[in-house]
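Encoded as structure tokens, the structure appears first; notes follow it.
The values are calculated or read from the model by the stated rules, or taken from the named source; none is laboratory data. What you see is a predicted model; the values in this text were computed from it and never measured. Here the Cβ positions follow ideal geometry from the backbone for every residue, glycine too, while neighbour counts run over all protein chains shown. Protein only, heavy atoms only, side chains kept; ligands, DNA and RNA dropped before computing areas. Shrake-Rupley method; radii C 1.70, N 1.55, O 1.52, S 1.80 Å.
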Amino acid sequence: MSDTPVTTRTHQGPILVEWATLAYTLFTTLLIVLFWSQMGNPLQLLEGRCMVVGGMALLWLFYHLRPNKYILLLRYIFPLSLLGYWYPDTYEFCQLFPNLDYLFAAADHALFGCQPSITFAQWLPQKVWSELFHMGYFAYYPLIFLTVLAPLFTDRSQFSRTAFVVLSSFFLYYLIYLFLPVAGPQYYFHAVGTDVIQSAHFPQLGNYFRYHTELAPSPGPDGFFRELVENTQKTGERPTAAFPSSHVGMSTVLMLLLWRNRRYLFAIAFPFYIFLCCATVYIQAHYLVDVFGGLVTALIFFKLTDWTYTRWRKRGQVTATSVSDLASAG
């Protein structure tokens, strides 16, 4: 990157990733107002949204006063960095509705004659398999960074599109999770007991997870990646967002972006992708039906977000400020 300041127009307003964030923020704010009396701490949720909007407004003001590619890059990175904030936020909404894990556990049993999230780890209990799958599960986070940042070093004209597709796809998954309270086997099996599940009995838990967030330990012997995944889940995981699997869905979206942008990066990431998809069931984070749901929704969300970006660009909404500035700063 050169140090030459960006000289394009700065009055266009928010860029696409900011528009997507503002839309999600506004929608969830309306939900907070609608369900105010039923939510645990709605005021705190509103304060968080004010900080999100304020942060984006401040970056826009800085860019307006002194337009350059570094502040423009921050305007992209800031909304993407908030994905970790929005994920546990879905828990506050979906707990307004009765838990549905019993339906998904029953679906796995009906379709496969067992609980794959229990059987899988029993088939491959050795440490080498445990570590490979836990490594794959943790690879989710580096895969996101790789996909989003790679265009900055390969083809900067693709950076804006990539950032928008990734952010918007995440938001589409989060929209589902707001209204679909499925915690996943790590929570549901732990709450009702493995013996009960193995006997093909799937009790309804109602609002149990509104007050209980105990997470079952990850299967497999002790190891570096198993411990890494467990520590990550203890700090950021919630009994929410099991169906469809965003780990499978978003990693599929990321792989589609890598395939289109840089296929040698796709080839490097592909083995981790396979272990990641398998790991979602192996570590009991998801039911197997969640995996298929993730694959199907990934194709739909990728097409939808990519089409949306193309349409906005053709209509002149994505201008030099959001594309060429980063592409031409060599």
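Here are the numbers for this structure:
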item: Packing rank of 282-292, 155-165, 213-223, where each peptide gets the mean count of other beta carbons within 10 Å, highest leading; result: 282-292, 155-165, 213-223
item: Geometric extent, Cα atoms of the range 1-147 - Rg, Dmax (angstrom); result: 21.8, 63
item: Accessible carbon and sulfur surface of the chain relative to its total accessible area, %, 1.4 Å; result: 67
item: Unit Cα scatterers, Debye sum, the range 178-306: log10 I(q)/I(0) for q = 0.11, 0.17, 0.22 Å⁻¹; result: -0.45, -0.98, -1.35
item: Heavy-atom surface of the chain, accessible at 1.4 Å and reported per residue (Å²); result: 46
item: Ranked by how many other beta carbons lie within 10 Å on average, peptides 132-143, 241-252 from highest; result: 241-252, 132-143
item: Most fluctuating residue given options Leu254, Leu31, Leu152, as computed from a GNM of the chain linking Cα atoms under 10 Å; result: Leu31
item: Label-reachable residues, the range 148-192, where backbone N falls under 20 Å from a point 7 Å from Leu304's Cα toward its Cβ; result: 161-182
item: Residue order for Val53, Val296 - accessible surface, 1.4 angstrom probe, largest first; result: Val296, Val53
item: Expected 222 nm ellipticity per residue - DSSP helices of 4 or more, -39500 (n - 2.57), all of the chain, to 500; result: -22500 deg cm²/dmol
item: Neighbourhood charge, 10 Å Cβ-Cβ cut-off, centred on Arg226 and excluding it, Lys, Arg +1 and Asp, Glu -1; result: -3
item: Ranked order, Arg49, Arg238 - accessible area, probe 1.4 Å, largest first; result: Arg238, Arg49
item: Sequence of Phe62, Phe224 when ordered by accessible area, the most exposed leading, probe 1.4 angstrom; result: Phe224, Phe62
item: Rounded tilt (10° steps) of 69-81 against the dominant C-alpha axis of the chain; result: 20
item: Hull-based mean projected area of the chain, where the convex hull spans the alpha carbons, in square nanometres; result: 17.3
item: Solvent-accessible surface (1.4 angstrom probe) belonging to Lys303, in square angstrom, nearest 10; result: 140
